[in-house]
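*Asks:* One structure, as C-alpha cells, below. Some questions next.
The values are calculated or read from the model by the stated rules, or taken from the named source; none is laboratory data. A quick note: this is a predicted structure, and the numbers were derived from the prediction, not measured. Glycine also receives a Cβ, built like all others from the backbone with ideal geometry; neighbour counts cover every protein chain displayed. When the accessible area is computed, the model is the full protein with side chains, heavy atoms only, and any ligands, DNA or RNA have been set aside. Shrake-Rupley method; radii C 1.70, N 1.55, O 1.52, S 1.80 Å.
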Amino acid sequence: MGGMPLTFAGRMKLVPEACQGILTSRIVKAENIIASCPKTDQHLLDQMKVMGCETTNNNVEAAGSSDVVLVGVKPNIVPRVLHDIKSCVTPKSPLVTSVALGVTIDSMESILPDASRVIRTMPNIPALVNCGASVYSKGTYATADDVTLTKRLLLSVGTADEVPETFMDAITGLSGAGPAYVFVVLEALADGGVKMGLPRPLAQKLAAQTIMGAAKMAIETGKHPGQLKDEVCSPGGCTIQGVAALEAGGVRASFIDAVTQATLKSLQTAGK
Amino acid sequence: MGVSDDVVQPKQAEAVVQDTIIHLETTKDCLKPAKIGFVGSGNMAQALLNGFVNKGLVEASNVWASAPSDRNLAKLKPLGVHTTHDNGLVIQECDIVFLSVKPHLFIEVNAGLSPIEGDHKPLFISIMTGISIEKLEQMLSGIVQNPRVVRTMPNTPCMVSQGCCVYCLGSNATDADGIIVKTMLSSVALCEQVPESQLDGICGLAGSGPAYIYAVIEALADGGVKMGIPRQLAQSMAAQMVKGAATMVLESGKHPGQLKDEVCSPGGTTITAMHKLETGGLRGTLMSAVEASAQRSKELGKHN
C-alpha cells in the first residue's frame, strides 16, 4: 500500500506498540504516520519518533494532513479531541477511527460534521504483543474500503472481526476484560504449582505456556473445547481429578458471572 | 497433524462392526436349541427372559426357572417355561444358567446344591451385585470343576429393554462365552465387556444412574408445575425430554458440549438457565455422585 498518511491522535499506552505492529505489517510506511500528543506525553512521541514517524503536539495539524485518524485518548477526552479536529474533517477525508472504550458511533458522529466517516474499534491489551482480539463496527457513512482498511490495520496486531455495535458491551466483558481473568488463572495455577513444590519462576512460566498452548489447540484444531478436554482426561487419571476439583469449585459459573458482571458494568457506564 | 491411536478410523470401525455382526448372527443360531436356566426368578430375571423371548433369541420351551415359592414362577408360567423349586434341576438341565438370586441369599443357595452329574459344564452368568468372579468360581467349584463364569452388571432399565449392561469373563470362560453373553444381553441393553476393575465405576454411573435421573425428572417436573404446567404433563414432558436428549447423544455422534451449544442461542432462554445450573454446581455434583456410589460399591465388595 502506497503512501497513506495515518494519524495517531492522543496519549494511550497502546499506541506505540500498535504502531509497531502496523509498521511490521507494512500497511503504512513510518514516514506516513503522524503521532500527536500533549507536551506532557513527550516520551510517547519520542517512542514514535524512534520508529521513524512524524510527531506534533497539534491534533488539528496532524488530522488535517491525514487520510485516517486513530483517536487513542481516554474515553472522557474523546469529545474534546473530536471538537478540536472537526474543522478539518469532511466526508472525503479523513476516516476517523476510535479505540476508546464505550464511546459510541452516535456520540462521535454527533460531534463531527455531517456525513463524516467513522469506525469504532475495540482492541484488547494483548495487541501490545500482536496477539489482540479486536472488533470493529462501522459508522453510518463508513465505506466498504474504510472497513477493509480498518480490518487490515487491526489484523496487524492480532485478529479482527466486524460486529454490530450492540455486541460491544458483551465483548468488553469477554475479550476486553478477559485478559485480567486469565492473569488471575495464571497466577492461581502457579500458586498451585508452588504449593506442590515447584519454584515460582518455573511454575509461572509453565502456567503461561500451558494457557497459550491450550488456546492455540482450541483455535487451530477447531474441535469443541469439551472434546479437547475429553482427549486429555484418561480414565481414572490425574487430569480428571483436577477437572473434578474445578467443577466442585463451580469454576464454570464463576467465568460466566465474570463476563456477565463486566458486561453489565459496561452497559451501566453507557447509561443503558 | 497426526491422529491418536485411540481414535478408530471409519473403515476400521466398519470392519469391527461387521465381525461382531457375523459373530452375533452365528451365535443366535447356536442359541436356538440351547437350554437356558434361571436360578432365581425375580424382576431382573423376568426382564431378561422377556427380552430374550421377544427378540426371538430363545424358545420359552427351552427355558427352566427356579424360585423358592410360586409367587414369581406364576409370572413366568404363561410364557411356557418350565418352572421348579429345585435349583439343582435347573443347573443340571441347562447349558446356560443365569444366577439371579438376591446376592445375600446366594451363599445359602450355593450350600444347597449337589455336585453336577456327568460331563455337564454349564456357562454360569451372574447378575448378582457385589459378588466377585473369584468368589463365584470358589463357590461354584463345589459343584463343578473349573466352573465357567461370566460376571455381569445389568441395570434396572433392562426391564424396558433400555438397559446398560457390562460383563467380565471368569478364568474358565472363553471368548465365545463372552459373545454368547453379549448376544443375549444386547437384546435388552447396551452391552460391553469390561475388566472387573471397572465394575465399581460402572455401578456408580449406570447402576445407580437411573436413580439420579429419576430425581432429575421429578425436579424438572416440579419446575414445570411451579411455572403453571399440570403435573401429569410436566412429568411426561420431563421424561420424554430426557429420553430425547439421551437419544441425540447416542445417535448424533456429536460431543455433548457441542449439542449443548446448539441449543443455546446468544442471550437466549437456555443459556440463562445453564448459568443457573453451573452456579448450582450441577457438573461437580454429578461427578461426586458417581464417585460416591463407586466408592460404596468398592467398600461393599470388600465386605463380601
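*Asks:* Express the carbon and sulfur contribution to the solvent-accessible surface of the stretch B:118-276 as a percent, rounded to the nearest whole number, probe 1.4 angstrom. Each step should come with its number before you reach the end.
*Replies:* Numbers: 5120 of 8550 Å².
Carbon plus sulfur share of accessible area: 60 percent.
*Asks:* Could you tell me the accessible area of B:Glu134 in Å² (1.4 Å probe, neighbours in place), rounded to the nearest ten?
*Replies:* Accessible area of B:Glu134: about 150 Å².
*Asks:* In square angstrom and rounded to 100, what buried accessible area do you get between chains B and A, total over both, with the probe at 1.4 Å? Could the numbers behind the result be given before it?
*Replies:* Values: alone 17880 and 14980 Å², together 31730 Å².
The contact between A and B buries close to 1100 Å².
*Asks:* For chain B, take the longest principal axis of its alpha carbons; what is the angle in degrees between that and the long axis of helix B:269-279, to the nearest 10 within 0 to 90?
*Replies:* 70 degrees
*Asks:* Taking only protein heavy atoms into account and a 1.4 Å probe, give the accessible area per residue of chain A in Å². Can you show the working numbers first?
*Replies:* Numbers: 14440 Å² over 272 residues.
With all protein chains present, chain A gives 53 Å² per residue.
*Asks:* Which links in A:Lys265/B:Lys226; A:Lys29/A:Lys151; A:Lys229/B:Lys302; A:Lys205/B:Lys276; B:Lys182/B:Lys260; A:Lys151/A:Lys265 stretch past 29 Å when you go from one Cα to the other?
*Replies:* On the way: A:Lys265/B:Lys226 32 Å; A:Lys29/A:Lys151 17 Å; A:Lys229/B:Lys302 33 Å; A:Lys205/B:Lys276 35 Å; B:Lys182/B:Lys260 32 Å; A:Lys151/A:Lys265 27 Å.
Violating the 29 Å Cα-Cα cut-off are A:Lys265/B:Lys226; A:Lys229/B:Lys302; A:Lys205/B:Lys276; B:Lys182/B:Lys260.
*Asks:* Tell me, what is the 1.4 Å probe accessible area of B:Leu233, in Å² to the nearest 10?
*Replies:* Taking all protein chains as shown, B:Leu233 has close to 80 Å².
*Asks:* Let me ask something else. Please report the relative contact order for chain A, taking Cα pairs under 8 Å with a sequence separation of at least 6, and give it as a percent rounded to a whole number. Mind showing how you got there, number by number?
*Replies:* Values: 417 pairs, mean separation 36.1, N = 272.
Relative contact order, chain A: 13 percent.
*Asks:* Okay, moving on. If you fit an axis through the alpha-carbon atoms of helix B:282-303 and take the longest principal axis of the Cα set of chain B, what angle between them do you get, 0 to 90°, nearest 10?
*Replies:* 20 degrees
*Asks:* With contacts defined as alpha carbon pairs under 8 Å and 6 or more residues apart, what's the relative contact order of the stretch B:162-302 in percent? Mind dumping the intermediate values first?
*Replies:* On the way: 93 pairs, mean separation 38.1, N = 141.
Rounded, it is 27 percent for the stretch B:162-302.
*Asks:* Taking all protein chains in place and a 1.4 Å probe, what share, in percent, of the accessible surface of the stretch A:188-272 do carbon and sulfur account for? Show your work: numbers first, answer last.
*Replies:* Working: 3800 of 5820 Å².
Using a 1.4 Å probe with all protein chains present, the stretch A:188-272 comes out at 65 percent carbon and sulfur.
*Asks:* Quick one: Debye curve from the C-alpha atoms of the protein assembly as shown, no solvent, what's log10 I(q)/I(0) at q = 0.08, 0.09 Å⁻¹?
*Replies:* Per q value, in the given order, log10 I(q)/I(0) is -0.75, -0.85.
*Asks:* Does the stretch B:27-175 come out rounded, prolate or oblate, given a ≥ b ≥ c as the square roots of the eigenvalues of its C-alpha gyration tensor, rounded meaning a/c under 1.5 and, failing that, prolate meaning a/b above b/c?
*Replies:* Numbers: a/c = 1.30, a/b = 1.22, b/c = 1.07.
Rounded.
*Asks:* Normalising by the residue count of chain B, find the relative contact order in percent from Cα pairs under 8 Å and 6+ residues apart. Walk me through the intermediate numbers first.
*Replies:* Numbers: 410 pairs, mean separation 41.1, N = 304.
Rounded, it is 14 percent for chain B.
*Asks:* How would B:Tyr212, B:Tyr167 rank on accessible area, largest to smallest, probe 1.4 Å?
*Replies:* Details: B:Tyr212 55, B:Tyr167 10 Å².
Ranked from most to least accessible, the order is B:Tyr212, B:Tyr167.
*Asks:* Which of A:Thr221, A:Ser110, B:Val263 sits farthest toward the positive end of the charge dipole of the protein assembly as shown, with +1 on the Cβ of Lys and Arg and -1 on the Cβ of Asp and Glu?
*Replies:* So the residue furthest toward the plus end is A:Ser110.
*Asks:* Another question, then. Hey, if we sort A:Lys138, A:Lys205, B:Lys135 by accessible area with the 1.4 Å probe, largest down, what's the order? Please report the intermediate quantities before stating the final value.
*Replies:* Working: A:Lys138 95, A:Lys205 145, B:Lys135 70 Å².
The residues order as A:Lys205, A:Lys138, B:Lys135, largest area first.
*Asks:* Pick out, from B:Val166, B:Leu136, B:Val188, the residue whose Cα sits farthest towards the positive end of the charge dipole of the stretch B:125-203, with +1 on the Cβ of Lys and Arg and -1 on the Cβ of Asp and Glu.
*Replies:* Positive-end residue among those listed: B:Val188.
*Asks:* Calculate the mean, over all residues of peptide B:281-294, of how many other protein chain Cβ atoms lie within 10 angstrom of the residue's Cβ. Intermediate results must be reported in sequence, preceding the final value.
*Replies:* Numbers: counts 7, 4, 9, 11, 3, 1, 6, 3, 0, 1, 1, 0, 0, 0.
Going residue by residue through B:281-294 and averaging, the value is 3.
*Asks:* Next question. Say we join alpha carbon atoms closer than 10 Å with springs in a Gaussian network model of chain A; which of A:Gly176, A:Gly52, A:Gly237 then has the biggest fluctuation?
*Replies:* A:Gly237
*Asks:* Another question, then. Could you work out the mean count of beta carbons from other protein chains within 10 Å of each residue's beta carbon in A:219-229? Working shown, then result.
*Replies:* Details: counts 0, 1, 1, 0, 2, 8, 4, 7, 5, 2, 2.
Whole-number average of other-chain Cβ neighbours for A:219-229 is 3.
*Asks:* Leaving ligands and nucleic acids out of the surface, order B:His104, A:His83 by accessible area at 1.4 Å, largest first. Mind dumping the intermediate values first?
*Replies:* Details: B:His104 140, A:His83 100 Å².
Highest to lowest solvent-accessible surface, that is B:His104, A:His83.
*Asks:* While we're looking at this one, here's another question. Taking θ as phi - 60°, what are the ³J(HN,Hα) couplings along the stretch B:128-139 by the Karplus curve (6.51, -1.76, 1.60), each to the nearest whole Hz, with x for Gly and Pro?
*Replies:* Result, rounded to whole Hz: 8, 5, x, 9, 6, 4, 4, 5, 4, 5, 4, 5.
*Asks:* What does the charge count near A:Arg252 come to, summing +1 for each Lys or Arg and -1 for each Asp or Glu among other residues with Cβ under 9 Å from its Cβ? Walk me through the numbers on the way to the answer.
*Replies:* Numbers: positive: B:Arg283; negative: A:Glu247, B:Glu278.
Net charge around A:Arg252: -1.
*Asks:* Shifting gears a bit: Average partner chain C-beta neighbours within 10 Å, per residue of A:250-256? Don't jump to the answer; show the numbers that get you there.
*Replies:* Numbers: counts 8, 4, 9, 11, 2, 1, 6.
Averaged over the peptide's residues, the number is 6.
*Asks:* Would you compute, from DSSP H runs of 4+ residues alone, the mean residue ellipticity of chain B at 222 nm, taking -39500 (n - 2.57) per run and dividing by the full residue count, rounded to the nearest 500?
*Replies:* On the way: 13 runs with 158 residues, N = 304.
Theoretical 222 nm ellipticity from helices: -16000 deg cm²/dmol.
*Asks:* What does the charge dipole of the protein assembly as shown about its Cα centre add up to, to the nearest 20 debye, if the Cβ of each Lys and Arg holds +1 and the Cβ of each Asp and Glu holds -1? Numbers along the way, then the final one.
*Replies:* On the way: 48 positive and 53 negative charges, 231 e Å.
The dipole of the protein assembly as shown has a size of about 1100 debye.
*Asks:* Roll a 1.4 Å probe over the protein chains and send me the accessible area per residue for chain B in Å². Walk me through the intermediate numbers first.
*Replies:* Working: 17290 Å² over 304 residues.
That works out to 57 Å² for each residue.
*Asks:* Go ahead and estimate [θ] at 222 nm for chain A from helices alone: -39,500 (n - 2.57) per DSSP H run with n ≥ 4, summed, over the residue count, rounded to 500.
*Replies:* Counting only the DSSP helices, I get -15000 deg cm²/dmol.
*Asks:* Can you find, among A:Gln268, A:Ala144, A:Pro91, the residue sitting farthest towards the positive end of the charge dipole of chain A, where Lys and Arg contribute +1 and Asp and Glu -1 at Cβ?
*Replies:* With unit charges placed on the Cβ atoms, the residue in question is A:Gln268.
*Asks:* Once the whole set of protein chains is in place, how much accessible area is left on B:Leu250, using a 1.4 Å probe, in Å² to the nearest 10?
*Replies:* 140 Å²
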